[in-house]
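The numbers here are math on the coordinates, done by the rules we state, and not lab data. The structure presented is a predicted model; accordingly, all values stated were derived computationally and were not measured. For neighbour counting, all protein chains shown are included, and Cβ atoms are generated from backbone atoms with ideal geometry for every residue, glycine included.
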Amino acid sequence: MVKTIYNKTYRMTNTRWIVGNGENMQLWFDNWMGSSLATMLKLSTHLFPHLKATLAFVITDGKWDIPRIILDFPLVAAQIMQVTLPVSPLLDKCAWIHSPDGELSSKLAFQFLNPVPPNLDWATDIWRPCIPPSHSLIFWRFMLSKLPTDENLQLRGCTLVSMCPLCYNHADSSTHLFLECAFSQTIWHWLDTKLQRPIPLAAPTSLLSCIPQRCSSQLRDVLVAAIVHSVHAIWLARNVVRFNATSVTIHATMAKITSMIAMSGAISKGYCLRSDVVILENQFVSPLHRRVWDIIPVVWKPPSSPWVKANTGGSVRNLMAACGGIFRDSHNTFFVGFASNLGRVYVFEAEIMGLMVAMEYASSNRWTRLWLESDSSSAVQAFHKPSLIPVCLRNRWHNCTHNGMFIICSHIFREGNVCANGLAALGHDLNDTTWFTLLSPSLGPDFSRDRNELPNFRFS
């Protein structure tokens, strides 16, 4: 029932046809270019009853045969020419644009009709095995302003006189208690010194911003635990003064926080770097270094003649993707390399795009044997399971794999794919696909290692 209502209500705006043989698609009214042709040409509605042609009407021998009436609109005609037609017959497919494989399930329909609220970045950070859930719960309620402070009780209709139990200088509210109170600020300044990093107090969400995006797993556990335990200790001190009518010293609170941080650090299953040792020892946490069980040499191997080998890679930074690749022959000679900025796509799509660019280049040069190599096992698997390919790339992938070449694809660890990944990283600074006939100087040392078949090492 959900799927039926879904299709009737949202079909035109949330589906798109993937062109096959064109026999099941309406030329003028189906969305196969991002919008229907009738909408793009702004046709009068009185013409609609006479427009009954299918898309197959403008396809001849697998190529576009655009009629004169559309050629009079050059921008529309150019957009049609950019739609990839399959080199061999495929069925037309109506794809749900919010699904990678184009299929519409009841689950996707429900999620679309009932959108999930956006995830809070900090919410996944505070729930850790090394932190007691009761402490994480207090922090979670603090971030959502749901703690029963006087301010929140007043909002619920309670009439009371409010005063901060820790400083007696301000009304009791979450912002004041945890960020502005003299008692709390003393705690945070002390923690600044212990963690060797400033803790911003501008807003509740800024507390966790002192944790670097990239750090060792044990250090991250300790830093998050320090913030969470401090908030819990401040809340506990407030409640002791409020409900037990006893005083709480700052030194007692600091000692409690220190012991809780040490406990979390001891429970943590993470590993640290050498640069983290001083910070961890300041928290009375024993550094836990990763044990290397296996050292695997990874060597790039040249192809045998007359094969050409293309190593490709994908890269994603700040949700923006790029891909790159390098072509070499049996003598380890550099043929050509490429780097391409792909915009906002997933990393798997970036890996697939790199493979397709390599296949298209090889086909344009009439090479008959191409060895593809990627450090993405999912991309390699796509050759055996085409259903993994995103539906928007279906035709292009089909054309690449049905171009008459002998193609093999193998997986290599990223330690042996350094040149391709280096070119993919260069793609972030480009506007489009760029081809390099000369090797970039930044890739010279890695290329030389590959050429001399020297190993890089993978630790596991």
Worksheet item: Do you know the relative contact order of region 2-113, to the nearest whole percent, from alpha carbon pairs under 8 angstrom that are 6+ apart?
Response: 37
Response to the item:
Candidates for volume of the Cα convex hull per residue in Å³ are [x] 198; [y] 224; [z] 177, and the calculated one carries label [y]
Item to complete: Would you please give the residues with an amide H less than 5 Å from that of CYS94, counting only those at least 5 places away or on a separate chain, with H modeled from the backbone geometry?
Response: ILE18
Practice prompt. Determine, for each peptide in 34-46, 378-390, the mean count of other beta carbons within 10 angstrom over its residues, then list the peptides with the highest first.
Written response: 378-390, 34-46
Worksheet item: Considering amide H positions built from the backbone, and no H for Pro or chain starts, which residues 5 or more places from ALA321, or on another chain, come under 5 Å of its amide H?
Response: LEU342, GLY343, ARG344, VAL345
Discussion item. Please compute the contact order of the chain in relative form: average sequence separation of alpha-carbon pairs under 8 Å and at least six residues apart, divided by the residue count, as a percent.
Written reply: 13
Discussion item. Taking the Cα centre as origin and putting +1 on Lys and Arg beta-carbons and -1 on Asp and Glu beta-carbons, what dipole magnitude results for the chain, to the nearest 20 debye?
Written reply: 600
Worksheet entry | THR368/LYS301 FRET efficiency (R0 22 Å; Cβ-Cβ; nearest 0.05) | 0.60
Worksheet item: Can you list the HN-Hα couplings for region 315-322, worked out from phi with the Karplus curve (6.51, -1.76, 1.60; θ = phi - 60°), rounded to whole Hz and with x for Gly and Pro?
Response: 8, 10, 10, 6, 6, 9, 10, 8
Worksheet, complete the sentence: So, with points 7 Å from each Cα along the Cβ direction, the SER259-TYR168 label distance in nm works out to 2.8
Worksheet, complete the sentence: Plugging the Cβ-Cβ distance of VAL87 and ASN452 into 1/(1 + (r/R0)^6) at R0 = 45 Å yields, to the nearest 0.05, a FRET efficiency of 0.65
Discussion item. For a quick check of your reading of the filter: which chymotrypsin sites (Phe, Trp or Tyr not before Pro) in region 118-181 sit in a DSSP loop and have no more than 11 other Cβ atoms within 10 Å?
Written reply: TYR168
Worksheet item: Which is the longest run of the chain containing none of the GluC sites (Glu not before Pro) found in DSSP loop states (not H, G, I, E, B) with at most 13 other C-beta atoms within 10 Å?
Response: 104-452
Worksheet item: HN-Hα J couplings of region 18-30 from phi, Karplus 6.51/-1.76/1.60, θ = phi - 60°, integer Hz, Gly and Pro as x?
Response: 9, 5, x, 8, x, 7, 9, 10, 7, 4, 8, 10, 7
Worksheet, complete the sentence: Going residue by residue through region 335-345, the Karplus relation 6.51 cos²θ - 1.76 cosθ + 1.60 with θ = phi - 60° gives ³J(HN,Hα) values, rounded to whole Hz and with x marking Gly or Pro, of 8, 6, x, 9, 9, 9, 8, 9, x, 8, 9
Worksheet item: Helix-derived [θ] at 222 nm for the chain: sum -39500 (n - 2.57) over DSSP H runs of at least 4, divide by residue count, nearest 500?
Response: -11000 deg cm²/dmol
Practice prompt. Return a whole-number percent for the relative contact order of region 163-213, with Cα pairs under 8 Å and 6 or more residues apart as the contact set.
Written response: 22
Fill in: Charge dipole of region 123-282 about the Cα centre (unit charges at C-beta), most positive-ward option of THR253, GLN218, THR175
GLN218
